[in-house]
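Enquirer: Can you keep this structure in mind? I'll have questions shortly.
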Ligand code: 5GP
């Protein structure tokens, strides 16, 4: 089930609010909501409302430039709203070896604790 086959994902149901989520930020293009299985005190996912082929960052094309910028800026808005502007991490897992499990592009915004580098 966790393959990049272009099929709808659980995030479509979160966007349509068929599945409830704790929304942190929303506009016409972007939705940010708390991860159901947080790995840090703050763990928010930022996703495009219109996937438009962006199952993973590796599928990005030139035409996705605008939404990619909007997602990154939304990550900054989330960091401010969550009170972690001083220190936070933005992660995109791309593909099986990077542990991507949902094939709808998403940014993880992580913070509220000391992060470590390199990540595992
Ligand atoms: P990935 O492993 O693909 O980078 O991240 C997918 C993330 O989506 C995981 O951190 C997982 O906990 C989160 N997730 C999966 N299903 C749901 C859900 O139904 N609701 C919420 N809020 N998060 C989810």
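Only the coordinates and a few stated rules stand behind these numbers; no lab work does. Keep in mind that this is a model prediction, so the values were computed, not measured. Backbone-built Cβ (ideal geometry, glycine too); neighbour counts: all protein chains shown.
Enquirer: Between 51, 63, which is surrounded by 18 or more Cβ atoms within 10 Å (Cβ to Cβ) and more than 12 Å from the ligand (Cβ to nearest atom)?
Expert: Values: 63 fails: surrounded by 18 or more Cβ atoms within 10 Å (Cβ to Cβ).
Just a single option satisfies the conditions, and that option is 51.
Enquirer: Among residues belonging to segment 13-39 that are touching a residue at least 40 places away in the same chain (Cβ under 8 Å) and within 11 Å of the ligand (Cβ to nearest atom), point out the one that is surrounded by the fewest Cβ atoms within 10 Å (Cβ to Cβ). Reasoning before the result, please.
Expert: Let us first name the residues in segment 13-39 that are touching a residue at least 40 places away in the same chain (Cβ under 8 Å), namely 24-25, 27, 29-30, 32, 35, 39.
Remaining after also requiring within 11 Å of the ligand (Cβ to nearest atom): 24, 32, 35, 39.
Values: 24: 19, 32: 25, 35: 17, 39: 10.
Once the filter is applied, the top-ranked residue is 39.
Enquirer: What is the one condition in (1) more than 11 Å from the ligand (Cβ to nearest atom); (2) over 12 Å from the mean Cα position of the chain (by Cα); (3) under 16 Å from residue 104 (Cβ atoms) that residue 9 does not satisfy?
Expert: Residue 9 satisfies every listed condition except (1).
Enquirer: State the number of residues belonging to segment 32-43 that are under 11 Å from the mean Cα position of the chain (by Cα) and either part of a loop (DSSP other than H, G, I, E, B) or within 13 Å of residue 9 (Cβ to Cβ) (or both).
Expert: In the first step, residues of segment 32-43 are kept if they are under 11 Å from the mean Cα position of the chain (by Cα); the result is 32-35, 43.
Cutting the leftovers down to either part of a loop (DSSP other than H, G, I, E, B) or within 13 Å of residue 9 (Cβ to Cβ) (or both) gives us 35.
Qualifying residue count for the region: 1.
Enquirer: Checking residue 46 against (1) in a strand (DSSP E or B); (2) within 11 Å of the ligand (Cβ to nearest atom); (3) within 25 Å of residue 114 (Cβ to Cβ), only one condition comes out false. Which one?
Expert: (2)
Enquirer: Inspect segment 67-84 for any residue being assigned to a helix (DSSP H, G or I), within 11 Å of the ligand (Cβ to nearest atom) and surrounded by fewer than 20 Cβ atoms within 10 Å (Cβ to Cβ) and give the result as yes or no. Steps first, please.
Expert: Applying the first criterion (assigned to a helix (DSSP H, G or I)) to segment 67-84 yields 67-81.
Checking the rest, the ones that are also within 11 Å of the ligand (Cβ to nearest atom) come to none.
Among the residues of segment 67-84, not one is assigned to a helix (DSSP H, G or I), within 11 Å of the ligand (Cβ to nearest atom) and surrounded by fewer than 20 Cβ atoms within 10 Å (Cβ to Cβ), which makes the answer no.
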